[in-house]
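Have a look at the structure below, then the notes.
Each value in this text was obtained by applying a stated rule to the coordinates, not by laboratory testing. Being a predicted model, the structure only gives us computed values, none of them experimental. Here Cβ is always computed from backbone atoms with ideal geometry, including for glycine, and neighbour counts include all displayed protein chains.
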Amino acid sequence: KQEVTQIPAALSVPEGENLVLNCSFTDSAIYNLQWFRQDPGKGLTSLLLIQSSQREQTSGRLNASLDKSSGRSTLYIAASQPGDSATYLCAVKISYGKLTFGQGTILTVHP
Amino acid sequence: GAGVSQSPSNKVTEKGKDVELRCDPISGHTALYWYRQSLGQGLEFLIYFQGNSAPDKSGLPSDRFSAERTGGSVSTLTIQRTQQEDSAVYLCASSLAAGGPNTQYFGPGTRLTVL
């Protein structure tokens, strides 16, 4: 059974810092991995999707890497801003349709 | 264009009642997914549809839960004889197709509270 773990569970940083969120998964036979953000009381917003054949994806200040063989992904956020405060979730796809999610990292960026 | 919409946004019901939750996917998306998010369990997959068929129902917690999709569009998730442990946020998502590098786009969710 695929298990997804995110570390740390919570992170508080001052504005302007670069930071890394970690995600690990137990079964390396994945189709892809997605990073989402969730704001309080809202649905999920997709940030980046990395195919199993890819090593990384970038979007603006976000960079996600994937090391499938070791079962790890990281989300790098550059020059963090208070608006980045949210819960960040990683999810892996191991079969058609279904995503398996981690528990999330609650990020707080304070001015 | 419009995103995924869900209704109602909030539902409070009494234990033992039946409830129906509705999801309108993004137009043209053939795949539709239901997930449940609760404090203790995180975000869990329930079921997905490709067109009107449900190839994977493995996440439905019990036979009190059912879902259908008609016309390859709107889906309803029905919970019969609700229990307090059914209280959660029910999230719907859609994508162009279930396979391939297709991003799942999520709706805002329905918060279900069973008293």
Worksheet item: Taking the stretch B:87-103 on its own, how many of its residues are more than 13 Å from the chain's Cα centre (by Cα) and buried (at least 22 other Cβ atoms within 10 Å of the Cβ)?
Response: 2
Item to complete: Restrict the check to the stretch A:60-82 and report whether at least one residue is within 14 Å of chain B (Cβ to nearest Cβ), within 19 Å of residue A:26 (Cα to Cα), part of a loop (DSSP other than H, G, I, E, B) and not charged (D, E, K, R).
Response: no
Item to complete: Determine whether the stretch A:52-61 contains at least one residue that is surrounded by 12 or more Cβ atoms within 10 Å (Cβ to Cβ) and closer than 20 Å to residue B:33 by Cβ.
Response: yes
Discussion item. Here is a list: B:17, B:57. Which entry is surrounded by fewer than 16 Cβ atoms within 10 Å (Cβ to Cβ), within 14 Å of another protein chain (Cβ to nearest Cβ) and of a type in the set (Lys, Arg)?
Written reply: B:57
Worksheet item: Any chance the stretch A:98-110 includes a residue that's in contact with a strand residue (DSSP E or B) (Cβ under 8 Å, 6 or more places away or on another chain), hydroxyl-bearing (Ser, Thr, Tyr) and within 14 Å of chain B (Cβ to nearest Cβ)?
Response: yes
Worksheet entry | Looking only at the stretch A:31-46, and only at residues there that are assigned to a strand (DSSP E or B) and facing chain B (nearest Cβ under 10 Å), the one that is farthest from residue B:106 (Cα to Cα) | A:32
Item to complete: Being part of a loop (DSSP other than H, G, I, E, B) and of a type in the set (Lys, Arg) narrows it down to one of B:11, B:15, so name that one.
Response: B:15
Discussion item. Looking at (1) among the basic types (Lys, Arg); (2) part of a strand (DSSP E or B); (3) away from every other protein chain (no Cβ under 12 Å), which one does residue B:111 not meet, given that it meets all the others?
Written reply: (3)
